[in-house]
1. Please tell me if Thr223 is of a type outside the set (Gly, Ala, Ser), more than 13 Å from Val137 (Cα to Cα) and in contact (Cβ under 8 Å) with a residue 24 or more places away in the chain.
2. Only residues that are loosely packed, with under 15 Cβ neighbours inside 10 Å, under 33 Å from the mean Cα position of the chain (by Cα) and β-branched (Val, Ile, Thr): list them for segment 117-144, please.
3. Among the residues of segment 152-174, is any exposed (fewer than 12 other Cβ atoms within 10 Å of the Cβ), at pLDDT 75 or above and either in contact with a helix residue (DSSP H, G or I) (Cβ under 8 Å, 6 or more places away or on another chain) or among the aromatic types (Phe, Trp, Tyr) (or both)?
4. Within segment 172-229, can you find the residues that are touching a Leu at 6+ places or on another chain (Cβ under 9 Å), among the charged types (D, E, K, R) and farther than 29 Å from Ser85 by Cα?
5. Mind checking which residues of segment 175-220 are part of a loop (DSSP other than H, G, I, E, B) and either surrounded by 15 or more Cβ atoms within 10 Å (Cβ to Cβ) or in contact (Cβ under 8 Å) with a residue 24 or more places away in the chain (or both)?
6. Which one of the conditions (1) modelled with pLDDT of 75 or more; (2) over 41 Å from the mean Cα position of the chain (by Cα); (3) of a type in the set (Val, Ile, Thr) does Val71 fail to meet, given that it meets all the rest?
Amino acid sequence: MSRRRRHPDHGKSRPQYLRLRRPDPAHDRRQVRRGEFLPGADPVKSVIRSFLRYLVQRRSLSTLQLLGIAVGVAAAVGMTLASRSALRSLEDAVDFLRGGATHTLERLAGPLEEEVLARLLSDPAVRSLAPVIDRQVRLEGDDKIRLLGLDPFLDREVRSITARIGEPESDDARQRLLSAFLFDPQAVLVDEGTAKRLGLAAGSTLPTWQGPLKVVTVFPNPTGEPLIV
(Lines give C-alpha, C1' and ligand atoms only; values in the text may rest on other atoms or scores of the structure.)
Protein backbone atom coordinates (compact mmCIF):
# COMPACT_ATOMS: atom_id res chain seq x y z
CA MET A 1 0.00 0.00 0.00
CA SER A 2 1.47 3.26 -1.10
CA ARG A 3 1.63 6.23 1.20
CA ARG A 4 1.48 9.85 0.23
CA ARG A 5 4.54 11.83 0.95
CA ARG A 6 3.98 14.81 3.19
CA HIS A 7 5.29 18.21 2.41
CA PRO A 8 8.29 19.11 4.52
CA ASP A 9 6.51 22.23 5.82
CA HIS A 10 3.35 20.37 6.73
CA GLY A 11 2.12 21.27 10.25
CA LYS A 12 4.24 24.39 10.50
CA SER A 13 2.70 27.85 10.83
CA ARG A 14 2.81 29.75 7.62
CA PRO A 15 3.38 33.49 7.54
CA GLN A 16 0.29 35.67 6.84
CA TYR A 17 0.66 38.10 3.98
CA LEU A 18 -1.35 41.37 4.16
CA ARG A 19 -2.44 43.16 1.07
CA LEU A 20 -2.25 46.93 1.51
CA ARG A 21 -4.67 49.24 -0.28
CA ARG A 22 -3.36 52.15 -2.18
CA PRO A 23 -4.36 55.58 -0.88
CA ASP A 24 -7.43 57.04 -2.56
CA PRO A 25 -7.07 60.75 -3.35
CA ALA A 26 -10.85 61.21 -3.39
CA HIS A 27 -11.08 59.62 0.05
CA ASP A 28 -8.45 62.03 1.31
CA ARG A 29 -10.43 64.96 -0.07
CA ARG A 30 -13.53 63.76 1.72
CA GLN A 31 -11.59 63.55 4.92
CA VAL A 32 -10.41 67.11 4.46
CA ARG A 33 -13.98 68.27 3.95
CA ARG A 34 -15.14 66.47 7.02
CA GLY A 35 -12.50 68.35 8.92
CA GLU A 36 -14.73 71.39 8.74
CA PHE A 37 -16.88 69.87 11.48
CA LEU A 38 -13.93 69.35 13.79
CA PRO A 39 -13.66 71.40 16.98
CA GLY A 40 -12.49 74.90 16.25
CA ALA A 41 -14.54 75.29 13.06
CA ASP A 42 -17.69 77.45 12.95
CA PRO A 43 -20.64 75.02 13.17
CA VAL A 44 -23.11 77.54 11.73
CA LYS A 45 -21.06 78.04 8.57
CA SER A 46 -20.60 74.30 8.24
CA VAL A 47 -24.33 73.67 8.44
CA ILE A 48 -25.08 76.45 5.96
CA ARG A 49 -22.52 75.13 3.48
CA SER A 50 -23.88 71.61 3.79
CA PHE A 51 -27.42 72.88 3.29
CA LEU A 52 -26.45 74.89 0.21
CA ARG A 53 -24.62 71.91 -1.29
CA TYR A 54 -27.73 69.81 -0.68
CA LEU A 55 -29.92 72.37 -2.44
CA VAL A 56 -27.63 72.51 -5.44
CA GLN A 57 -27.33 68.74 -5.75
CA ARG A 58 -31.09 68.08 -5.40
CA ARG A 59 -32.78 71.09 -6.92
CA SER A 60 -36.11 69.49 -7.80
CA LEU A 61 -36.55 67.82 -4.44
CA SER A 62 -35.46 70.98 -2.61
CA THR A 63 -37.96 73.06 -4.57
CA LEU A 64 -40.80 70.71 -3.67
CA GLN A 65 -39.79 70.73 -0.02
CA LEU A 66 -39.64 74.53 0.10
CA LEU A 67 -43.04 74.77 -1.60
CA GLY A 68 -44.51 72.35 0.91
CA ILE A 69 -43.13 74.37 3.81
CA ALA A 70 -44.48 77.62 2.32
CA VAL A 71 -47.95 76.11 1.77
CA GLY A 72 -48.02 74.73 5.31
CA VAL A 73 -47.03 78.06 6.85
CA ALA A 74 -49.61 79.92 4.73
CA ALA A 75 -52.34 77.48 5.75
CA ALA A 76 -51.45 77.81 9.43
CA VAL A 77 -51.46 81.61 9.24
CA GLY A 78 -54.78 81.60 7.37
CA MET A 79 -56.42 79.31 9.92
CA THR A 80 -55.15 81.48 12.77
CA LEU A 81 -56.48 84.67 11.19
CA ALA A 82 -59.83 83.03 10.38
CA SER A 83 -60.24 81.70 13.93
CA ARG A 84 -59.40 85.10 15.40
CA SER A 85 -61.88 86.81 13.09
CA ALA A 86 -64.63 84.33 13.97
CA LEU A 87 -63.91 84.71 17.68
CA ARG A 88 -64.00 88.50 17.39
CA SER A 89 -67.33 88.35 15.54
CA LEU A 90 -68.74 86.09 18.23
CA GLU A 91 -67.55 88.45 20.96
CA ASP A 92 -69.13 91.41 19.15
CA ALA A 93 -72.40 89.52 18.84
CA VAL A 94 -72.42 88.62 22.53
CA ASP A 95 -71.54 92.18 23.53
CA PHE A 96 -74.28 93.52 21.26
CA LEU A 97 -77.00 91.36 22.82
CA ARG A 98 -75.81 91.19 26.42
CA GLY A 99 -73.81 94.40 26.65
CA GLY A 100 -72.32 94.93 30.09
CA ALA A 101 -74.66 92.51 31.85
CA THR A 102 -72.88 90.14 34.23
CA HIS A 103 -75.94 88.11 35.27
CA THR A 104 -79.07 86.91 33.53
CA LEU A 105 -82.28 86.11 35.37
CA GLU A 106 -84.80 83.93 33.54
CA ARG A 107 -87.98 82.12 34.34
CA LEU A 108 -88.72 78.75 32.80
CA ALA A 109 -92.36 79.56 32.11
CA GLY A 110 -93.94 82.97 31.86
CA PRO A 111 -92.55 86.42 32.65
CA LEU A 112 -90.95 87.45 35.91
CA GLU A 113 -93.11 89.06 38.55
CA GLU A 114 -92.90 92.84 38.72
CA GLU A 115 -92.19 92.57 42.43
CA VAL A 116 -88.91 90.83 41.68
CA LEU A 117 -87.90 93.56 39.25
CA ALA A 118 -88.82 96.30 41.71
CA ARG A 119 -86.81 94.59 44.45
CA LEU A 120 -83.77 94.30 42.16
CA LEU A 121 -84.00 97.95 41.13
CA SER A 122 -84.02 99.02 44.78
CA ASP A 123 -81.09 96.76 45.69
CA PRO A 124 -77.92 98.90 46.16
CA ALA A 125 -75.74 96.00 44.96
CA VAL A 126 -77.40 96.12 41.53
CA ARG A 127 -75.90 98.89 39.43
CA SER A 128 -78.37 98.61 36.54
CA LEU A 129 -81.18 96.38 35.36
CA ALA A 130 -82.86 96.05 31.97
CA PRO A 131 -85.86 93.75 31.38
CA VAL A 132 -86.00 91.98 28.02
CA ILE A 133 -88.77 90.07 26.24
CA ASP A 134 -87.28 87.51 23.84
CA ARG A 135 -89.77 85.94 21.48
CA GLN A 136 -90.15 84.53 17.96
CA VAL A 137 -92.48 86.35 15.58
CA ARG A 138 -93.88 84.64 12.49
CA LEU A 139 -94.11 86.68 9.32
CA GLU A 140 -96.77 86.24 6.66
CA GLY A 141 -94.45 84.08 4.58
CA ASP A 142 -94.09 81.59 7.48
CA ASP A 143 -90.61 82.94 8.19
CA LYS A 144 -89.68 83.36 11.84
CA ILE A 145 -87.73 86.29 13.18
CA ARG A 146 -86.40 87.05 16.63
CA LEU A 147 -88.09 89.89 18.52
CA LEU A 148 -86.48 91.67 21.46
CA GLY A 149 -88.71 93.87 23.60
CA LEU A 150 -86.60 96.46 25.43
CA ASP A 151 -87.13 99.35 27.80
CA PRO A 152 -85.29 102.22 26.05
CA PHE A 153 -84.60 104.07 29.29
CA LEU A 154 -83.30 101.14 31.34
CA ASP A 155 -81.56 99.46 28.41
CA ARG A 156 -79.24 102.44 27.93
CA GLU A 157 -77.47 101.47 31.16
CA VAL A 158 -76.84 97.86 30.06
CA ARG A 159 -76.71 97.34 26.31
CA SER A 160 -77.17 100.84 24.89
CA ILE A 161 -78.76 99.31 21.80
CA THR A 162 -81.24 102.14 21.41
CA ALA A 163 -78.44 104.71 21.76
CA ARG A 164 -76.48 103.13 18.88
CA ILE A 165 -79.45 102.52 16.58
CA GLY A 166 -79.97 104.83 13.65
CA GLU A 167 -77.62 107.62 14.73
CA PRO A 168 -79.40 110.44 12.86
CA GLU A 169 -77.41 113.41 11.66
CA SER A 170 -79.28 116.00 13.76
CA ASP A 171 -80.78 116.08 17.24
CA ASP A 172 -84.23 116.87 15.83
CA ALA A 173 -84.19 113.77 13.65
CA ARG A 174 -83.07 111.68 16.59
CA GLN A 175 -85.82 113.12 18.75
CA ARG A 176 -88.45 112.28 16.13
CA LEU A 177 -87.08 108.74 15.83
CA LEU A 178 -87.19 108.15 19.58
CA SER A 179 -90.66 109.68 19.86
CA ALA A 180 -91.99 107.40 17.13
CA PHE A 181 -90.31 104.40 18.72
CA LEU A 182 -91.60 105.18 22.23
CA PHE A 183 -95.18 106.25 21.59
CA ASP A 184 -96.18 104.02 18.68
CA PRO A 185 -96.94 100.49 19.97
CA GLN A 186 -96.41 99.03 16.49
CA ALA A 187 -93.03 100.71 15.89
CA VAL A 188 -90.02 98.41 15.53
CA LEU A 189 -86.37 98.60 14.56
CA VAL A 190 -85.14 96.10 11.96
CA ASP A 191 -81.56 94.97 11.39
CA GLU A 192 -79.90 95.75 8.08
CA GLY A 193 -79.71 92.15 6.86
CA THR A 194 -83.42 91.52 7.36
CA ALA A 195 -84.36 94.90 5.87
CA LYS A 196 -82.29 94.20 2.77
CA ARG A 197 -83.70 90.68 2.40
CA LEU A 198 -87.32 91.81 2.77
CA GLY A 199 -86.92 95.14 0.98
CA LEU A 200 -87.73 97.24 4.05
CA ALA A 201 -86.72 100.81 4.91
CA ALA A 202 -87.69 103.51 7.39
CA GLY A 203 -91.45 104.00 7.17
CA SER A 204 -92.14 100.55 5.66
CA THR A 205 -94.68 98.10 7.04
CA LEU A 206 -93.66 94.62 8.17
CA PRO A 207 -96.65 92.23 7.98
CA THR A 208 -96.81 89.51 10.63
CA TRP A 209 -99.42 87.04 11.82
CA GLN A 210 -99.88 89.17 14.94
CA GLY A 211 -100.50 92.31 12.89
CA PRO A 212 -98.50 94.83 10.85
CA LEU A 213 -95.44 96.49 12.34
CA LYS A 214 -94.08 99.88 11.36
CA VAL A 215 -90.34 100.10 10.65
CA VAL A 216 -88.86 103.21 12.29
CA THR A 217 -85.28 102.67 11.14
CA VAL A 218 -82.69 99.96 10.46
CA PHE A 219 -79.58 99.21 12.49
CA PRO A 220 -76.38 97.17 12.02
CA ASN A 221 -76.48 93.76 13.64
CA PRO A 222 -73.10 92.01 14.18
CA THR A 223 -74.79 88.75 15.17
CA GLY A 224 -76.05 88.10 11.63
CA GLU A 225 -79.30 86.72 13.07
CA PRO A 226 -82.60 88.23 11.80
CA LEU A 227 -83.66 90.59 14.56
CA ILE A 228 -86.27 93.22 15.25
CA VAL A 229 -86.46 95.40 18.37
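The values are calculated or read from the model by the stated rules, or taken from the named source; none is laboratory data. In this text, all values refer to a predicted model and were calculated from it rather than measured experimentally. Counting neighbours? That spans all protein chains shown, and the Cβs are built from the backbone with ideal geometry, glycine included.
1. Numbers: of a type outside the set (Gly, Ala, Ser): yes; more than 13 Å from Val137 (Cα to Cα): yes; in contact (Cβ under 8 Å) with a residue 24 or more places away in the chain: yes.
Yes.
2. Ile133
3. Checked against the condition, which is being exposed (fewer than 12 other Cβ atoms within 10 Å of the Cβ), at pLDDT 75 or above and either in contact with a helix residue (DSSP H, G or I) (Cβ under 8 Å, 6 or more places away or on another chain) or among the aromatic types (Phe, Trp, Tyr) (or both), segment 152-174 yields no hits at all.
4. Selection gives Lys214 alone.
5. Of all residues in segment 175-220, those part of a loop (DSSP other than H, G, I, E, B) come to 184-186, 199-204, 207, 209-212, 220.
Selection gives Asp184, Gln186, Leu200, Ala202, Ser204, Pro207, Trp209, Gln210, Gly211, Pro212, Pro220.
6. (2)
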